[in-house]
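Participant: Supplied in structure tokens, the structure appears directly below.
The values are calculated or read from the model by the stated rules, or taken from the named source; none is laboratory data. For clarity, every value in this text was computed on a predicted model and none was experimentally measured. Backbone-built Cβ (ideal geometry, glycine too); neighbour counts: all protein chains shown. Ligands, DNA and RNA are stripped out before the accessible areas are found, and what is left, the full protein with its side chains, is counted by its heavy atoms. Shrake-Rupley method; radii C 1.70, N 1.55, O 1.52, S 1.80 Å.
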Amino acid sequence: MGSDRFSTAARLKAIGQEAHARVYRAAAARRPARRNRLTGRAALLALVLCALVIALAYPMRQYIAQRSDIADQRREAQQARQKVEQLREQKARWQDPEYVRTQAREQLHYVMPGEDGYSVANPAPTATSDPRHKSSGSPGDGGGQAAAAHRPWYTNLWDGVDHADAAGPPQH
């Protein structure tokens, strides 16, 4: 008797599986066939979009390059306007006789009548004018010799050559 129950249960299970398979097949038959994701219309649309991108890429590049050129030209024009303004100001300054006198004194070393002009032919190097020379004062005083003692020997040698060269040829 126990085996009859088992076989009945096994039979019911098999019948249930068959019914389930029939229901699944019937539902699949009612459903429309599954389509590909890429249809002909989608492929045509993708092709048209790619063609538009390719067709517009070169003109967009040209447009961006031209905008950059325009910006550069505007910047150069602004700089030219500033330069013109500076030159106009300089021209106006040169129209002033006092400015001309000042420039003649500074650049050409002119002196007014009745004034004495002095020029220093070979000024002694100072700590601010030549960073190689660390001495203060003239080469004849003791401060320059004390500073020379703390420099390397080759610096002192080269300074001696420079001073001898600056003095010019000996006069007979």
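Participant: Which residue pairs have Cβ atoms closer than 9 Å, lie 6 or more positions apart in sequence or on different chains, and pair a first residue in the range 158-172 that is among the polar types (S, T, N, Q) with a second residue that is open to solvent by 70 Å² or more (accessible area, probe 1.4 Å) and modelled with pLDDT of 85 or more?
Facilitator: Here the result reads none, with nothing in the range 158-172 linked to a residue that is open to solvent by 70 Å² or more (accessible area, probe 1.4 Å) and modelled with pLDDT of 85 or more.
Participant: Here's another thing I want to ask about it. Could you run through the range 90-114 and say how many residues are of a type outside the set (A, V, I, L, M) and within 30 Å of residue 167 (Cβ to Cβ)?
Facilitator: Total meeting the criteria: 5.
Participant: Right, something else. Cβ-Cβ under 9 Å, sequence separation 6+ or interchain: first residue in the range 106-119 and without any contact (Cβ under 8 Å) to a residue 40 or more places away in the chain and of a type in the set (S, T, N, Q), partner assigned to a loop (DSSP other than H, G, I, E, B) and open to solvent by 100 Å² or more (accessible area, probe 1.4 Å). Which pairs?
Facilitator: Partner pairs satisfying both residue conditions: 119/109.
Participant: Can you spot a residue in the range 90-98 that is over 30 Å from residue 111 (Cβ atoms), open to solvent by 100 Å² or more (accessible area, probe 1.4 Å) and part of a helix (DSSP H, G or I)?
Facilitator: Checked the range 90-98: no residue is over 30 Å from residue 111 (Cβ atoms), open to solvent by 100 Å² or more (accessible area, probe 1.4 Å) and part of a helix (DSSP H, G or I).
Participant: Let me confirm something: among 78, 73, which residue is of a type in the set (S, T, N, Q), open to solvent by 100 Å² or more (accessible area, probe 1.4 Å) and modelled with pLDDT of 95 or more?
Facilitator: So the residue among 78, 73 that is of a type in the set (S, T, N, Q), open to solvent by 100 Å² or more (accessible area, probe 1.4 Å) and modelled with pLDDT of 95 or more is 73.
Participant: Mind telling me which of the residues 160, 142 ends up being surrounded by fewer than 13 Cβ atoms within 10 Å (Cβ to Cβ), over 43 Å from the mean Cα position of the chain (by Cα) and modelled with pLDDT under 75?
Facilitator: 142
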